[in-house]
1. Using modelled amide H (1.01 Å from N, peptide plane; none on Pro or chain starts), what sits under 5 Å from the amide H of F287, excluding residues fewer than 5 places away?
2. Looking at the chain as a GNM with Cα springs under 10 Å, which of E100, E71, E389 has the largest mean-square fluctuation?
3. Send over a whole-number figure in Å² for the accessible area per residue of region 249-297, probe 1.4 Å.
4. Would you please give the residues with an amide H less than 5 Å from that of L241, counting only those at least 5 places away or on a separate chain, with H modeled from the backbone geometry?
5. Along each of the three principal axes of the Cα atoms of region 143-199, give the extent in whole Å, ordering the values from largest to smallest.
6. How large is the translational diffusion coefficient of region 51-90 in µm² per second when you combine the Kirkwood radius over alpha carbon pairs with Stokes-Einstein at 10 °C and 1.306 mPa s?
7. May I ask for the angle, rounded to the nearest 10°, between helix 333-383 and the longest principal axis of the chain, with both axes built from Cα atoms and the value confined to 0 to 90°?
8. Over the chain, what percent of the accessible surface lies on carbon and sulfur atoms, probe 1.4 Å?
Amino acid sequence: MSSILTNNSAMVALQTLKSINNDLSDTQSVISTGKEVSSAKDNAAVWSISKTMESDVKGFKAISDSLSLGESTVAVARNASETVTDLLTDIKGKIVAAQEENVDRSKLQDDISALTEQIKSVVGAAQFNGQNLVDGSNTGTNTNGNTGIDVLSSLDRDSSGAVSASSIGVDTQNLSTSAGLDITAGTGTGSASVTTLAENGGADEVDITGFTFLDTSGAAAGASALKASTAGVDDTVVNGLVVGDEVSLKIGDVEGVYRVSEGDTDASIASGLKDALQSSGLSTDDFSFDLTTAGTLTIENLTSEANIDIEYGVSRGSGALAGIESIDVVNDPSGALSEIENMLNGAIDAAAAFGSVEGRLETQANFISSLSDSLTSGIGSMVDADMEETSARLQALQVQQQLGVQSLSIANQSPQSILSLFG
């Protein structure tokens, strides 16, 4: 049956053409944006995932900037520590030269004073963007629980979608030259059992003992040395030792100085004092050293000289180089040698600590860069269009569109045949 009111063929051709035009519009949108999924209506699930990943990529770019800033800050501190180490090495050379009798020690002292001023200048100038990690000015607490700064290092997303930021803690290394705090020798900080040594191994041997350490409760009940910057340690407490404290023992004219290092125990301090005295020139032929009792150094006078004075002291410097300005090679060259050795070790430890954390920051920065690239590639694989496939689809749809127009035109012509019935 033919009808001039209902043209089924035209309706089918029209619907087909509309469908082709819709597909062609979508394909042209893909070509213009380069994305298969450019909005939530294209694929809500994929679009949601891609947007979350894109936000993470932007976050990682900010983290990369933070790591670069942190690296630069630590690099300045490391370079300063290495420079201080070199200057202290030069000072040590002057002090070693001063051990000789026939040298002008006053001239050497002038050189040492000049090098000391240079060290103070380096420490004071070692700042980046206002942050100085070596002059003792930083008082903040980092994620390590120590005095220092935090460098934003990662953005962590768990399986539930919760996000948390991670940081790398950078501990300060105080290389300031500010003077130390005198601590009364006695309870917790060691003591000498006598003030003079009798001759020929007499009864007046000296026992140096009684070392305890500051702990994280703010008291002095620890078994080993902690940094003053460790959370909970109160370095105003003076009845225990902390890293950086100087323990000195002077027997006659020879003085040995030992600087407390992290992890030291009472036994290692007793042993350190023995080594310091011997390196300062106290002869094992004239004095005997006994470490049999843990945490105790016992010294006997084997000479015929009586009433040799014993002086024991403890000081707490606010910086690893506290006391450098009191080095005196004119009057006490042997004591100066012991002191500079401890300061040199402190500067070396500081440079090594900064070098270690700088390497960690560099590794993390490289990882974040690679991770950002991987996430970007993952986003692309989900939403980017396959342009070769899209090009082929466009050609096919354009041909289908032309055929659809032809089909609709033919369908629209079919009612005209009815006119012949009335001719």
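The values are calculated or read from the model by the stated rules, or taken from the named source; none is laboratory data. If you're wondering where the values come from, they're calculated on a predicted model, not measured in any experiment. In this analysis, Cβ positions are derived from the backbone assuming ideal geometry, glycine residues included, and neighbour counts consider all displayed protein chains. SASA here: full protein model, heavy atoms, side chains in, ligands and nucleic acids out. Shrake-Rupley method; radii C 1.70, N 1.55, O 1.52, S 1.80 Å.
1. Answer set, sorted by chain and number: L302.
2. Its mean-square fluctuation being the largest, the pick is E389.
3. Accessible area per residue, region 249-297: 41 Å².
4. Here the answer is T212, F213, L214, since their amide H atoms fall under 5 Å of that of L241.
5. For region 143-199, the Cα spread along each principal axis is 76, 27, 19 Å.
6. My calculation gives 130 µm²/s for D.
7. Helix 333-383 sits at roughly 10 degrees to that axis.
8. Working: 10550 of 21210 Å².
The computed percentage sits at 50.
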